[in-house]
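> Got a structure here, written out as structure tokens. Questions coming.
Please treat every number below as a calculation from the coordinates, not as lab data. Nothing here was measured: the structure is a model prediction, and the numbers come from that model. All Cβ positions, even for glycine, are placed from backbone atoms using ideal geometry, and neighbour counts span all protein chains on display.
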Amino acid sequence: GQQLNQSPQSMFIQEGEDVSMNCTSSSIFNTWLWYKQDPGEGPVLLIALYKAGELTSNGRLTAQFGITRKDSFLNISASIPSDVGIYFCAGPLSSNTGKLIFGQGTTLQVKP
Amino acid sequence: EAQVTQNPRYLITVTGKKLTVTCSQNMNHEYMSWYRQDPGLGLRQIYYSMNVEVTDKGDVPEGYKVSRKEKRNFPLILESPSPNQTSLYFCASSSGTEWGIQYFGAGTRLSVL
């Protein structure tokens, strides 16, 4: 089936460092979503992107909708210990099917 | 408080013993969905429902059943669980217009022996 490929699979960084991760697809998406899953909890939406080229921020997080509509990027600036978790990209297959596809996730660990 | 509630949170069962995982939301959302999370595979959609009495298969529906008789509830049924259904399960809901923006429950960790 349809796949979203996230990179990297895991990251281990020092507190204060910036983080970049991306998500790519072989198909075009009209919406890109970024979710974060804290340990032991369900995913929570961080950022939603609706337009090619769009750059959206949420605090220290910035996400971009790729121009080709086949990729998206998430950056975290000045990481802190509570940034630990799994970050997922996701996209609806189309506007009205109800099917949501998730990437495999990027696991982030932050060393204080 | 707006929330999606799943029960039970943890379940250990044996092969072939029918079980139901309940999911309830109090946000009057039209859309509800079930996912399973396995290491290295992310979240995979099992079934979803765009509204009451409307359900559709996701990517991995085999071995699962769902029903949507009322708006707030969307139970996941495993008629004859097998060990390959050992996983972490999440229920989610969203409004009909922005169904990609989903609110997740806390998860149900299921082990089938």
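> Residues in region B:44-59: is at least one part of a strand (DSSP E or B), aromatic (Phe, Trp, Tyr) and within 20 Å of A:Gly40 (Cα to Cα)?
No: zero hits.
> Name the residue that is surrounded by the fewest Cβ atoms within 10 Å (Cβ to Cβ), counting only residues in region B:73-113 that are assigned to a loop (DSSP other than H, G, I, E, B) and of a type in the set (A, V, I, L, M).
Across region B:73-113, the extreme among qualifying residues is B:Leu113.
> Could you tell me how many of the residues in region B:30-56 are within 9 Å of another protein chain (Cβ to nearest Cβ) and surrounded by 15 or more Cβ atoms within 10 Å (Cβ to Cβ)?
Number satisfying all stated conditions: 12.
> Can you work out which of the residues in region A:76-106 that are among the polar types (S, T, N, Q) and crowded, with 16+ Cβ neighbours inside 10 Å is farthest from the chain's Cα centre (by Cα)?
So the residue we want is A:Ser79.
> I'm trying to understand the selection: among the residues of region A:6-61, which are of a type in the set (Gly, Ala, Ser), within 10 Å of chain B (Cβ to nearest Cβ) and surrounded by fewer than 14 Cβ atoms within 10 Å (Cβ to Cβ)?
Scanning region A:6-61 gives a single hit, A:Gly40.
> What number goes with the only condition from (1) closer than 25 Å to B:Phe104 by Cα; (2) out of contact with any helix residue (DSSP H, G or I) (no Cβ under 6 Å at 6 or more places or on another chain); (3) part of a strand (DSSP E or B) that A:Val110 does not pass?
Here A:Val110 clears every test but (2).
> Moving on. Sort out which residues of region A:55-112 are touching a residue at least 12 places away in the same chain (Cβ under 8 Å) and on the phi > 0 side of the Ramachandran plot, and write them in order of number.
Listed by number, the residues that qualify are A:Arg69, A:Ala78, A:Gly85, A:Gly105.
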